[in-house]
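Colleague: Have a look at this one.
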Amino acid sequence: MVNLNCTGTVHLAKYVVRHMVARNQGRILFTASIAGETVAPREVVYAATKPFDLSLAHSIRYELRDTAITATALQPGPTDTDFFHRAGMDNTEVGSDGKHESQPDAVARQGIDALMAGTDHVYAASTKTKIEGMLANATPGAVKGAMHEKMVAPKLQAGKCFAPRK
């Protein structure tokens, strides 16, 4: 996860930026996440990589401020893709219900629109994600952690919880 979301992103960005600087033009869209602005139990490594991507996008954007190159951070919330299935999260609130608020085409469209407009970042695509993004810095970590824990905890089935007992 760290190699993909952090190391790979840095290597690709360095390669791409070098070529864009030589031409003094270009646009880069980084996929961060609303998870990068929250406390995310049960997704700790994934969530920890997303502030990295967000900071990378903002930092590159600042470094290139005197060029015709922009960097935009796309921060989607749960999106209706196979992500949650591959993560073994089908039996969670976010994996079964929460992702339906954002369709992939809407997330992609908002990301491309922000990229082409030269925007620094965009919360996509649901209204809930946009509100969460705006409130992220004002919400205490313990509150964000408890909210996220509820979303990713396995659902109760037949009166039993499949999560490990503490």
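Colleague: By its C-alpha gyration tensor, with a ≥ b ≥ c as the square roots of the eigenvalues, how is the range 1-82 shaped: rounded for a/c under 1.5, else prolate for a/b larger than b/c, else oblate? Please list the in-between numbers first.
Modeller: Details: a/c = 2.35, a/b = 2.09, b/c = 1.13.
Prolate, because a/c is 1.5 or more and a/b exceeds b/c.
Colleague: For the range 108-119, just list the computed ³J(HN,Hα) in residue order, Karplus coefficients 6.51, -1.76 and 1.60, θ = phi - 60°, integers in Hz, with x standing in for Gly and Pro.
Modeller: The phi angles translate into 4, 4, 5, x, 5, 4, 5, 4, 5, 7, x, 5 Hz.
Colleague: What size of dipole, in debye to the nearest 20, comes out for the range 1-105 about its Cα centre when the only charges are +1 on Lys and Arg C-beta atoms and -1 on Asp and Glu C-beta atoms? Please report the intermediate quantities before stating the final value.
Modeller: Numbers: 10 positive and 12 negative charges, 143 e Å.
Charge dipole, the range 1-105, about its Cα centre: 680 debye, nearest 20.
Colleague: For the range 37-90 and the range 102-128, what is the separation of their Cα centres, given in Å?
Modeller: That distance is 13 Å.
Colleague: Out of these labelled values of P(r) over Cα pairs in 10 Å bins from 0, in percent, (1) 11, 41, 37, 10, 1; (2) 11, 45, 37, 7, 0; (3) 10, 35, 34, 15, 5, 1, 0, which was calculated from the coordinates shown here?
Modeller: Only one listed value fits the structure, namely (3).
Colleague: Near the amide H of SER102, under 5 Å away, which other amide H atoms are found, from residues 5 or more places off or on another chain, if H is placed in the peptide plane?
Modeller: ASP80
Colleague: Oh, and also: Taking loop as defined by DSSP and a crowding limit of 15 other beta carbons within 10 Å, which trypsin sites (Lys or Arg not before Pro) in the range 1-98 fit?
Modeller: Values: sites: LYS14, ARG18, ARG23, ARG27, ARG42, ARG61, ARG65, ARG86; in loops: ARG42, ARG65.
Those that pass, being in a loop and sparsely packed, are ARG65.
Colleague: Each residue of the range 49-66 in order: what ³J(HN,Hα) in whole Hz does its phi give by Karplus 6.51 cos²θ - 1.76 cosθ + 1.60, θ = phi - 60°, with x for Gly and Pro?
Modeller: Working through the residues one at a time gives 6, 6, x, 4, 4, 5, 5, 4, 4, 5, 5, 5, 4, 5, 4, 9, 4, 9 Hz.
Colleague: Now, a different point. Of VAL45, VAL21, how do they rank once you tally other Cβ atoms within 10 Å and put the fewest first?
Modeller: Details: VAL45 10, VAL21 15.
The order, fewest Cβ neighbours first, is VAL45, VAL21.
Colleague: Additional query: Taking H as built 1.01 Å from N, whose amide H comes closer than 5 Å to the amide H of ALA124, not counting residues under 5 places away?
Modeller: GLN75, GLY77
Colleague: May I ask what percent, to the nearest 5, of DSSP beta bridges between residues of the chain are antiparallel? Before the final figure, lay out the partial values.
Modeller: Details: 2 of 12 bridges.
Counting DSSP beta bridges with both partners in the chain, the antiparallel share is about 15 percent.
Colleague: Another question, if that's okay. Check ARG27: other-chain or 5+ apart residues with amide H under 5 Å from its amide H, H built from backbone geometry?
Modeller: THR70
Taken together, the values in this text are just the output of simple stated rules run on the coordinates, not laboratory data. Quick caveat, the model's predicted, so the values are computed rather than measured. Reconstructed Cβ throughout: ideal geometry from the backbone, glycine too, with neighbour counts over all protein chains shown.
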